[in-house]
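Beneath this line is the structure, given in structure tokens, with notes to follow.
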Amino acid sequence: QVQLVESGGGLVQDGGSLRLSCAASGGSFNNYAMAWFRQAPGKEREFVAAISWTGGATTYDGSVKGRFIISRDNAKNTVNLQMNNLKPEDTAIYYCAASASGAGVRTPSRYDYWGQGTQVTVSS
């Protein structure tokens, strides 16, 4: 069993920054690839960023590359998402997810555990 809890969401103006955190418990955190997804009202959940078991490899969606940075601290069982230069189109509920399989890292169905999400709202 793995539980994921996101935090750090909020309201920010266009161009601002936020740092999201996801705390994991109840499982072997080091053996899971971790990712962030987001879902806006009326739209499907979309991939944002992922990080490998050791943190040595990262993947970003093209829409956030250069603005967002994903990181993990296995000693603290946390994964973070630093979001810079936020834009209104980044507004969504952000979810962290854990996967025991490295295949299909951008596909939501490949993830075994999900957090409840944290709201990020960017005003124009």
Hz values of 3J(HN,Hα) by residue in segment 27-40 - Karplus curve (6.51, -1.76, 1.60), Gly and Pro given as x | x, 8, 3, 5, 9, 10, 6, 10, 8, 10, 10, 9, 9, 8
Which loop-located GluC sites (Glu not before Pro) does segment 1-84 contain, where loop means any DSSP state but H, G, I, E or B and the Cβ has at most 11 other Cβ atoms within 10 Å?
-> GLU44
So what is the relative contact order for the chain, in percent, with contacts set as C-alpha pairs under 8 Å and at least six apart?
-> 36 percent
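Taking 0.36 nm per residue of sequence separation and subtracting the Cα-Cα distance, how much length would be gained by fully extending the chain between ASN84 and SER101, in nm to one decimal?
Using 0.36 nm per residue and subtracting the Cα-Cα distance, I get 3.2 nm.
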Pseudo-spin-label distance THR59 to SER123, built 7 Å along Cα→Cβ, given in nm, is 3.7 nm
Sorting VAL48, VAL2 by accessible area (1.4 Å probe), largest first, what list results?
-> VAL2, VAL48
Using a ≥ b ≥ c from the Cα gyration tensor of segment 35-115 (square roots of the eigenvalues), is it rounded, prolate or oblate, where a/c under 1.5 gives rounded and otherwise the larger of a/b and b/c decides, a/b for prolate?
-> oblate
Under 5 Å between amide H atoms, partner at least 5 residues away or on a different chain: which partners does ARG72 have, H built in plane at 1.01 Å?
-> ASN80
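Protein chains only, probe 1.4 Å: how do LEU86, LEU18, LEU11 rank by accessible area, largest first? If you can, show how the numbers build up before the last one.
Working: LEU86 0, LEU18 30, LEU11 135 Å².
Of LEU86, LEU18, LEU11, the descending order of accessible area is LEU11, LEU18, LEU86.
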Proximal lysines relative to LYS65, as straight alpha-carbon distance under 20 Å, when same-chain residues fewer than 8 apart are discounted = LYS87
Rounded to whole Hz and in sequence order, give me ³J(HN,Hα) for segment 49-56 from the Karplus expression 6.51 cos²θ - 1.76 cosθ + 1.60, θ = phi - 60°, writing x for Gly and Pro.
-> 7, 9, 9, 6, 3, 8, x, x
Taking a cut-off of 19 Å between Cα atoms, list the aspartates and glutamates near LYS43, but don't count ones fewer than 8 places away on the same chain.
-> ASP61, GLU89, ASP90
Rounded to whole Hz and in sequence order, give me ³J(HN,Hα) for segment 113-124 from the Karplus expression 6.51 cos²θ - 1.76 cosθ + 1.60, θ = phi - 60°, writing x for Gly and Pro.
-> 9, 9, x, 7, x, 9, 7, 10, 10, 10, 8, 9
Note: VAL5 to SER71 extended length (0.36 nm per residue) minus current alpha-carbon separation gives 22.2 nm
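The values are calculated or read from the model by the stated rules, or taken from the named source; none is laboratory data. These numbers come from a predicted model, not from an experiment. Every residue, glycine among them, receives a Cβ derived from its backbone with ideal geometry; neighbour counts consider all protein chains shown. Remember, those area values only see protein heavy atoms, side chains included, never the ligands or the DNA or RNA. Shrake-Rupley method; radii C 1.70, N 1.55, O 1.52, S 1.80 Å.
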